[in-house]
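To start, the structure itself, in structure tokens.
The values are calculated or read from the model by the stated rules, or taken from the named source; none is laboratory data. Here the structure is a predicted model, which is why all the values come from computation and not from measurement. Methodologically, a virtual Cβ is constructed for each residue, glycine included, from the backbone with ideal geometry; neighbour enumeration extends over all protein chains shown. Quick note on the areas: whole protein, heavy atoms, side chains included, nothing else; ligands and nucleic acids left out. Shrake-Rupley method; radii C 1.70, N 1.55, O 1.52, S 1.80 Å.
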Amino acid sequence: MIYIHWIILTIYCLIVLIAIINLLTDNRQPAKTIAWLLILICVPVAGLVLYFFFGQNAWKEHKITRMSKNGEEDGNGNNSEADSDTDNPDTHLSVSPNHAMIIRLYEGMDIETLYEGNKIDILTSGYDFFMSLLYEIGHAKRHIHLLSYIIAEDPLGNLISDALADSVKRGVKVRVLYDDVGSWKTKDRFFRRMTNRGIEVRPFLPVRFPTLTSKLNYRNHRKVIVIDGSLGYIGGMNIALRYIKGDNKGLWTDTHLKITGSGVHGLQHIFLKDWFYMSRTHLDGNTYYPTIDNSASGSLMQVITSSPMRTSQDIMQGYVRVLLGARRYVYMVTPYFLPTDIIEYAMRTAAQSGVDVRLILPEKGDSRMVSWASKSFLMAAEREGIMVNLYNKGFIHSKFLVADDNFVSCGSVNLDFRSLENNFEATAFIYDETTALNMKSLFMKLEEDCTTMKKNRILQRSSFLQHLWESMLRLLAPLL
């Protein structure tokens with residue numbers, strides 16, 4: 001019997017050794033490598049299970065190879081039907097020199113499409129967003145494309161489902177894409193019912209044994225809706241009742257953009273690319289990219305995506321460019337703050353250069369472990385001159401950035417490792433004074449319901465053990 005125990009222990013140690021060798025030869029970022037080494041060495045058995053499901057890159061490399069062969073994951077490359085004719089960005093007088101550099105940054109990544117003449121409406125409550133969405137669904141004529149991380153089986157989810165089914169009866173083609181992990185709590189019967197009513201439904205990267213492994217680690221966190229190729233939505237709201245009624249954390253505050261204009265082509269490209277990825281069905285042409293008049297004045301924008309398929313983190317690079325190029329201020333809102341070293345360095349550099357860098361995040365997060373891990377990052381940010389505001393009027397789920405009265409980013413991106421490096425994300429980069437001033441006004445309004453971290457007793461460390469625990473969790477930040 002003793003020998004059996006030694007045999008099991010030896011086999012386990014060999015498996016761990018193989019995992020460590022695989023981890024070391026994977027040449028990841030040192031912070032992630034160290035975090036996984038700590039888990040493998042210090043958390044017996046459970047650490048190995050976590051690594052098996054969340055830590056392997058083999059699936060990612062396989063997909064990168066496959067997508068490269070298909071020519072589908074082209075960064076944010078845009079469909080030829082979607083391209084809008086624009087001049088050199090330097091000729092747009094409304095674009096500051098710094099933001100012209102952002103545009104050129106993405107040109108170097110073959111993300112060159114600039115969409116002109118866009119009307120941007122900022123929706124700041126679930127009620128406003130879903131009332132607008134239901135109205136537009138009811139007036140759709142050709143197609144509705146809906147991509148959401150979460151589609152909940154609650155009264156709102158059922159209402160949206162009924163509205164989509166009614167559109168199908170009118171002859172509208174409806175396609176729905178949801179993330180299989182994000183919508184794990186939603187029963188399959190809900191989506192089968194949608195399918196039975198004529199809606200085409202696909203889960204993104206469905207997770208099933210025995211192939212789930214690290215598929216759990218790469219999720220589609222995008223929230224994009226396109227109606228008839230001429231109107232679209234992008235932002236942070238999922239399809240769930242809590243955005244209207246709240247939950248045990250209180251009312252939910254979030255931000256979504258309603259876009260009419262050529263920028264909708266960029267949103268359409270996101271959906272159709274992800275739809276092809278899961279259905280292998282290629283959709284193209286004027287039906288999905290109708291001609292849109294760009295002659296009217298409006299916002300200039302780019303639609304930027306990031307994904308684990310890309311070796312570069314496109315959205316993160318844009319954020320760094322904004323932070324390092326800002327002259328007066330950068331205001332950021334996020335529900336989670338576990339920044340990568342690059343983002344943390346850029347925020348610190350901007351603040352130390354005299355730029356007014358401010359951050360809003362919820363006082364009470366929806367994950368205790370993430371909240372503990374973020375405390376050390378927040379304390380460090382405050383020491384470096386960044387104003388940290390804690391929102392105390394419910395839970396804030398918004399993800400936007402506004403800078404220098406002429407730049408806005410709004411989409412699905414959180415300021416954490418997972419969102420910046422692992423997830424499929426999307427955001428709109430808007431180069432427009434009117435939109436920036438409106439978003440700045442929204443930030444100031446949110447700030448009225450915040451307390452600074454210095455005045456918040458909850459974040460004051462009460463003991464050495466608590467400080468030690470937070471510091472230990474900080475090491476795991478790349479994995480949370």
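Looking at segment 425-441, can you tell me whether even one residue there is assigned to a strand (DSSP E or B) and polar (S, T, N, Q)? Yes, segment 425-441 contains at least one residue that is assigned to a strand (DSSP E or B) and polar (S, T, N, Q). Would you mind stating whether TYR329 is in contact (Cβ under 8 Å) with a residue 40 or more places away in the chain, aromatic (Phe, Trp, Tyr) and within 21 Å of TYR243 (Cα to Cα)? Spelling it out, it is not the case that TYR329 is in contact (Cβ under 8 Å) with a residue 40 or more places away in the chain, aromatic (Phe, Trp, Tyr) and within 21 Å of TYR243 (Cα to Cα).
ASP416 passes every criterion in (1) within 15 Å of GLN313 (Cβ to Cβ); (2) open to solvent by less than 10 Å² (accessible area, probe 1.4 Å) apart from (2). Residues in segment 241-270 that are assigned to a strand (DSSP E or B) and either open to solvent by 10 Å² or more (accessible area, probe 1.4 Å) or more than 16 Å from LEU123 (Cα to Cα) (or both): ASP247, GLY250, TRP252, THR253, LYS258, THR260.
Within segment 126-163, take every residue that is of a type in the set (Asp, Glu) and farther than 21 Å from LEU257 by Cα and give me the one that is least open to solvent (accessible area, probe 1.4 Å). Ranking the candidates gives ASP154 first.
Across segment 375-398, the qualifying residues are those that are within 24 Å of ASN248 (Cα to Cα) and outside any strand (DSSP E or B), and the one among them that is modelled with the lowest pLDDT is LYS375.
Here ASP166 passes the criteria (1) crowded, with 16+ Cβ neighbours inside 10 Å; (2) under 26 Å from PHE204 (Cα atoms) except the one numbered (1). Within segment 145-174, residues that are within 21 Å of PHE276 (Cβ to Cβ) and modelled with pLDDT of 95 or more reach partners that are hydroxyl-bearing (Ser, Thr, Tyr) and crowded, with 19+ Cβ neighbours inside 10 Å with beta carbons closer than 7 Å, at six or more positions or on different chains, in the pairs SER148/TYR178; ILE151/TYR178; ILE151/SER183; ILE151/THR186; VAL174/SER167.
Does ARG327 satisfy the criteria of being among the basic types (Lys, Arg), closer than 28 Å to GLY250 by Cβ and open to solvent by 10 Å² or more (accessible area, probe 1.4 Å)? When the stated conditions are applied, ARG327 does not pass them. Against the conditions (1) more than 20 Å from ASN422 (Cα to Cα); (2) small (Gly, Ala, Ser); (3) buried (at least 24 other Cβ atoms within 10 Å of the Cβ), SER307 satisfies every one except (1). Exactly one residue out of LEU420, LEU442, LEU401, LEU446 is hydrophobic (A, V, I, L, M, F, W, C), out of contact with any Cys (no Cβ under 6 Å at 6 or more places or on another chain), on the phi < 0 side of the Ramachandran plot and modelled with pLDDT under 95, and it is LEU420.
Out of all the residues in segment 330-358, which are open to solvent by 10 Å² or more (accessible area, probe 1.4 Å), hydroxyl-bearing (Ser, Thr, Tyr) and within 18 Å of ARG418 (Cα to Cα)? Residues satisfying the conditions are TYR336, TYR345.
So, in segment 359-374, of the ones that are within 20 Å of ASN248 (Cα to Cα) and open to solvent by less than 20 Å² (accessible area, probe 1.4 Å), which residue ends up nearest to the chain's Cα centre (by Cα)? Ranking the candidates gives LEU361 first. When segment 383-393 is limited to residues that are in contact (Cβ under 8 Å) with a residue 60 or more places away in the chain and crowded, with 18+ Cβ neighbours inside 10 Å, the one that is farthest from MET453 (Cα to Cα) turns out to be TYR391.
In segment 310-324, the qualifying residues are those that are among the β-branched types (Val, Ile, Thr) and open to solvent by less than 10 Å² (accessible area, probe 1.4 Å), and the one that is nearest to ASN406 (Cα to Cα) is VAL322.
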